[in-house]
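My questions all concern the structure below.
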Amino acid sequence: MRVTVKNPSIKIKKGKKAAGKAAVKRRKTAKFTVSVNPSGSGIKLGGWKGKAKKIAKVNFKNGKLTIKGKKKGKITLKFTSGKAVKKFNVTVK
């Protein structure tokens, strides 16, 4: 008997389209869905500190990611699930 264990993969979508990065205007909000395959693996948001909090407000709960731009700049969000890591670049214009 052979058992195959898949490493989790993280996907970020805006609507039905895959998103590798985001551009958000100041005082505007963008919404995304973050999922992991196989389902059931937990997703954590890391790499979110310091100057990044001054550039954008980020809320991540139950697979829903909301980003609201505060001031111009660039940040990188880092999602992890087991060994899988997904970086998501955000530019606030």
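Provide a single number: the residues in the stretch 43-93 that are in contact with a helix residue (DSSP H, G or I) (Cβ under 7 Å, 6 or more places away or on another chain) and assigned to a strand (DSSP E or B).
Residues in the stretch 43-93 being in contact with a helix residue (DSSP H, G or I) (Cβ under 7 Å, 6 or more places away or on another chain) and assigned to a strand (DSSP E or B): 3 in total.
Being more than 18 Å from Ile10 (Cα to Cα) and open to solvent by 60 Å² or more (accessible area, probe 1.4 Å) is the filter here; which residues of the stretch 46-93 pass it?
Lys49, Lys51, Lys53, Lys54, Lys57, Lys68, Lys70, Lys71, Lys72, Lys74, Lys93
Collect the residues in the stretch 1-22 that are exposed (fewer than 12 other Cβ atoms within 10 Å of the Cβ) and either free of Cβ contacts under 8 Å to residues at least 40 places away in the same chain or not in a loop (DSSP other than H, G, I, E, B) (or both), keeping them in residue-number order.
Met1, Arg2, Val3, Thr4, Val5, Lys6, Gly15, Lys16, Lys17, Ala18
Would you mind telling me which numbered condition in (1) open to solvent by less than 50 Å² (accessible area, probe 1.4 Å); (2) touching a Ser or Thr at 6+ places or on another chain (Cβ under 9 Å) Lys31 fails?
Lys31 satisfies all of (1) open to solvent by less than 50 Å² (accessible area, probe 1.4 Å); (2) touching a Ser or Thr at 6+ places or on another chain (Cβ under 9 Å) except (1).
The values are calculated or read from the model by the stated rules, or taken from the named source; none is laboratory data. Note that the structure is predicted; figures quoted are calculated from it, not measured. Don't worry about glycine lacking a Cβ; one is built from the backbone with ideal geometry, like all the others, and counts go over all protein chains shown. The accessibility values were calculated without ligands, DNA or RNA, using every heavy atom of the protein model including side chains. Shrake-Rupley method; radii C 1.70, N 1.55, O 1.52, S 1.80 Å.
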